[in-house]
Amino acid sequence: MLLRIAKREFVERLRDGRLHWAVGLVLVLLMTALFVGYSHQSEARAEQQVAQASEYRDWLRQDRRHPHDAAHQGMHAFKPGAAMAIVDPGINPYIGSTIWLQAHRQSEVKFNPAQDATGLQRFGNLSVGWILQVLGPLLVIVLGFNAFAGEREQGILRQTLSLGISPVRLLLGKAAALLACVGVLLIPAALAAAFAVTLGAGEGERMDALLRLSAWAAGYVLYLGIFVFLVLGVSAASSTSRMAITLLLALWIGQTVMAPRMLSEASRALSPTPTRLQFNQALNADLKATSDRMWQQTFGTTERWGKDVPLSKWGVALQMDDQSSYPVYDRHFGRLWDTWEGQQRLQEWSGLAFPILAMRAYSMGMAGTDFAHHRTFSTAAEAYRRRIQDLMSADLVKNADTGGERHFSYQASPDLWASVPPFSYRAPSASWALGHQARSLLVLLAGLSLSALFATFTTSRQRAL
Amino acid sequence: MRQEFKLLSAERSLWAVGLMFLLLIGYAVANGLAQTATRDRAQAAVWEADQSTRAAQRARLEAIRAGLATPLPFDNPADPSGMAGNYGGHHAVLPSAALGPVALGQSDLFPSQFRVTNQSRVGFMNPSDIENPWHLLSGHFDLAFVLVYLMPLLIFAVSYNLLSAERESGTLRLLLSQPLRLRTLLAGKLSVRAVVLLGPAVLLPVGVLLLARQAGLTGTGTAAGTTTMWWAFLVAAYALFWFALVVAVNAFGASSATNAMVLVIAWVLLVLVAPVLLNLAVTQVVPTPSRTELATRTRVLTAEAMKRHADLLATDYEHVGRGAALLPQDGKINISARALGNYAIQRELDDALRPQLERFDRQQQHQQELLGRVGMLSPAAVAFEGMTALAGTGARRHARFVAQTVDFHKTWKGFFYPLIDNRTALVPQDFDRVPAFSWQEEPPALVHRAAAIAVFQLLMPSLLLFGLAAWRLRRLCVS
């Protein structure tokens, strides 16, 4: 029976011109987004791979030189583009992908693409994720707002119910049909995305990318499922289809257009991010205090380079300063990043009321383009920087100038450069990403249950008479 | 018209929409003011930190000259190579414009402060403010957002059934049997609704801004009054476009339900989809040069320069054990070889990278120019760009800030380079002559001309739509 209801509803939608137009339009947008995403992605990845390889090649080819000069010149670490960035670039357009690994200081990513963007950047980027998050629910609304209300207006609903069909069964049939309609659109898009992601993924990451894509797609089924039940529920509760569509559009605008901005403002107000000046002042003060304490402990003075601390101690002092600064950086950057993650957590929880927020977090999390992934890259790059510094300083300690005159003229041999391994960063696995997205997934599941309950409640109140 | 107003005021929906609009605008204006105030405070703190550092350095220089303090290699205000670099760097800050709170625009994407030193600008002209990328993705809830995104929907809510409702209830036939032209009827209906919506949209923000300016909460700027007037024109022109669309859709004589559907689809296409596609098209046609390539090039050029000055870098500190080497003598100072090496490296890097960095600026300018030409395809894009330009948070004003920072950088180097080359020691009086950044605001005529173009770009499609409506209305079957 359920199947028969679903089939009938589906055929009816197919006959309706609305489906053709709406689905056609969204499909064109989806394919454009996929094509653009793929071409951007492949270009950026090729460029980053070449650049990363040339960084290390040039590092190895350095002549004999002072190790600290080599460390000062440093290297760049380029964040490899996630294979799934094709479908959801996440925060990538708003955060850089290049870190300069220099001596003394932990760097942040530079070259934020938004800094080169046009004035229209504020309207968003075209991506499969954006289309599904923003236009997906609208599509469900357009296709389903009169599922109950329209039939009631025409008198069909009363006839159907008088046949003795349970309203809940009717609801499930309609929900299945609506999902199938959306599926007409999503299945080709998902296949195209799977093809593009497989094509774009590098050797050895295809399996992971496809796992991520499946989990990602499942998330969207949940998300659109929430709207399927919400639309049917509202349609059943509304006396006219006009009222249903008005209410649904208002809900859609509230959640897709207004909620992300309002909650960003709210979370910013609740746990504020420090300004650049505050962050730098606190960090610098902490670094100086730590360094002075270490100098006092080790050399009995804080005066840099004098009778007590000759330049032959340069390597020792450098090593000591570097190593004592690592926990300071960890503390300050850790606190900042924790603040950001806290701000995001608040928005994910508010996904209970506005599913788009949980979906956005889940989508970019599974695509590997969220802040959690970015943080693992930043941490890996910083660990690599520390490794370079430690190797260079250790060499300076070993080859300390005891003559006292020729400290900076010391030149290390290229063997030292070769002792630094190449930078390799692998993004965390699909299961790590899923574990990190447990919260948003839970919120989406809760949202689906709530909207299903709501729809069951309103449809069960339908009477034949 | 009076009759129409009576009818409307009896309808609860108009009041509900008006109240909602008022609340949204109130929240957006309050948020804009709060965000702008936060940014102003942060910038004031940057300026104060610069001033106090400079004052402390001057006091230290006086103490050194009086023999009361000993200079340290990395804390020596007499050394021009240190003062030109990280030790004495100074900020260039872009202040908020008078209308800043009405559109936060790209103020969070574009940096509004740069710490200028003698290094190449590739080193310091990077995003300077710390912000959660998630928030950058979401955008702000400011007045420009409410007007560009939400005002059209509220216009639809009060007028989607402008004519269709009268026809559906049969009153249109009655009305037109009176000596009343359809055009007059429509004009009356439209003006009542426009007054109800534009009243809060224009008067409330202007009033709040005036109060805030009186209280000294926002910047004043030149010609703030005229700029505000242009902003009101822009909002009115944008609203007019949507009213024109409503009239044109109504003129086709479809049912109220169809009208509402067509209008919502138009909104989705013009406000949500078109700007995103335009942005994409512009960046495809005029692509930004590669930042990855810039990073690689910077590293290679630095390595080459370091190699050229390897001898300077290989010289040991001369001051170790001889503190007097750091003291100025007869107006001259002994700059350490490594500091001179770094100075030469940065100077060469700066010259070598300039053409590449200028390419970024040029490309961005081309993108913005192209956008100015094709932006017309989406009235929302025109309105948003126009509002951010008037609020001083758009791309044009930021490009001006970048250009002025580049000039300031030039002046900065012009001041310090001869001092370093001649090993001239700085004296306390020199501190008054160290170049300071002072922002030169955009000429009001430029801002107003751009606003006039935006208003024109909005009026053109509105007139077309009204023309279309007039043509259809003549054939409209009343019964």
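What are the residues in segment A:255-272 that are more than 7 Å from every other protein chain (Cβ to nearest Cβ) and touching a Phe, Trp or Tyr at 6+ places or on another chain (Cβ under 6 Å), if any? Residues satisfying the conditions are A:Gln255, A:Ala259.
Could you count how many residues in segment A:249-303 are among the aromatic types (Phe, Trp, Tyr) and under 27 Å from B:Gln43 (Cα atoms)? Selection size over segment A:249-303: 1. Comparison of A:Tyr384, A:Tyr425, A:Tyr362 shows that the only residue that is aromatic (Phe, Trp, Tyr), in contact (Cβ under 8 Å) with a residue 40 or more places away in the chain and not in a helix (DSSP H, G or I) is A:Tyr425. Among all residue pairs at least 6 apart or on different chains, which show Cβ distances below 7 Å where the first residue, located in segment B:129-152, is more than 7 Å from chain A (Cβ to nearest Cβ) and the second is buried (at least 24 other Cβ atoms within 10 Å of the Cβ) and among the polar types (S, T, N, Q)? Taking only residues 6 or more apart or on different chains, the pairs are B:Ala144/B:Thr388. Inside segment B:376-409, can you point out the residues that are within 14 Å of A:Gly119 (Cα to Cα) and either of a type in the set (Val, Ile, Thr) or outside any helix (DSSP H, G or I) (or both)? B:Ser378, B:Val382, B:Thr388, B:Gly392, B:Thr393, B:Gly394, listed by residue number.
If you filter segment B:257-273 down to residues that are touching a residue at least 24 places away in the same chain (Cβ under 8 Å) and within 8 Å of another protein chain (Cβ to nearest Cβ), you find that the one that is farthest from A:Gly136 (Cα to Cα) is B:Ala260. If the Cβ limit is 7 Å and pairs must be 6+ apart or interchain, which residue in segment A:109-124 that is under 22 Å from B:Val122 (Cβ atoms) and within 7 Å of another protein chain (Cβ to nearest Cβ) pairs with which residue that is assigned to a strand (DSSP E or B) and of a type in the set (Lys, Arg)? As it stands, the answer is none, since no pair meets every condition given.
Looking only at segment B:402-426, count every residue that is modelled with pLDDT under 95, hydrophobic (A, V, I, L, M, F, W, C) and touching a strand residue (DSSP E or B) at 6+ places or on another chain (Cβ under 9 Å) and tell me the total. Here the count works out to 2. Residue check: is A:Val328 at pLDDT 95 or above, part of a helix (DSSP H, G or I) and either within 11 Å of another protein chain (Cβ to nearest Cβ) or touching a Ser or Thr at 6+ places or on another chain (Cβ under 9 Å) (or both)? When the stated conditions are applied, A:Val328 passes them. Across segment A:411-465, what is the total count of residues that are surrounded by fewer than 17 Cβ atoms within 10 Å (Cβ to Cβ), among the aliphatic types (A, V, I, L, M) and under 28 Å from A:Gly204 (Cβ atoms)? The number of residues fulfilling the criteria is 2. Considering A:Val87, A:Val28, A:Val11, the condition of being among the aliphatic types (A, V, I, L, M) and either touching a residue at least 24 places away in the same chain (Cβ under 8 Å) or closer than 23 Å to A:Pro421 by Cβ (or both) is satisfied by A:Val87 alone. Consider B:Arg423 carefully, then state whether it is on the phi > 0 side of the Ramachandran plot and surrounded by fewer than 24 Cβ atoms within 10 Å (Cβ to Cβ). When the stated conditions are applied, B:Arg423 passes them. Of the helices (runs of 4 or more DSSP H) entirely within segment B:274-341, those holding at least 1 residues that are within 30 Å of A:Leu126 (Cα to Cα), within 42 Å of the chain's Cα centre (by Cα) and more than 7 Å from chain A (Cβ to nearest Cβ) occupy B:274-285, B:291-308. For segment A:276-312, the candidate set comprises residues that are touching a residue at least 24 places away in the same chain (Cβ under 8 Å) and of a type in the set (A, V, I, L, M); within that set, the residue that is farthest from the other protein chains (Cβ to nearest Cβ) is A:Met294. Out of A:Ala361, A:Ala383, report the one residue that is out of contact with any strand residue (DSSP E or B) (no Cβ under 9 Å at 6 or more places or on another chain) and more than 13 Å from every other protein chain (Cβ to nearest Cβ). The unique qualifying residue is A:Ala383.
The values are calculated or read from the model by the stated rules, or taken from the named source; none is laboratory data. Since we're looking at a predicted model, the values are computed, not measured. Backbone-built Cβ (ideal geometry, glycine too); neighbour counts: all protein chains shown.
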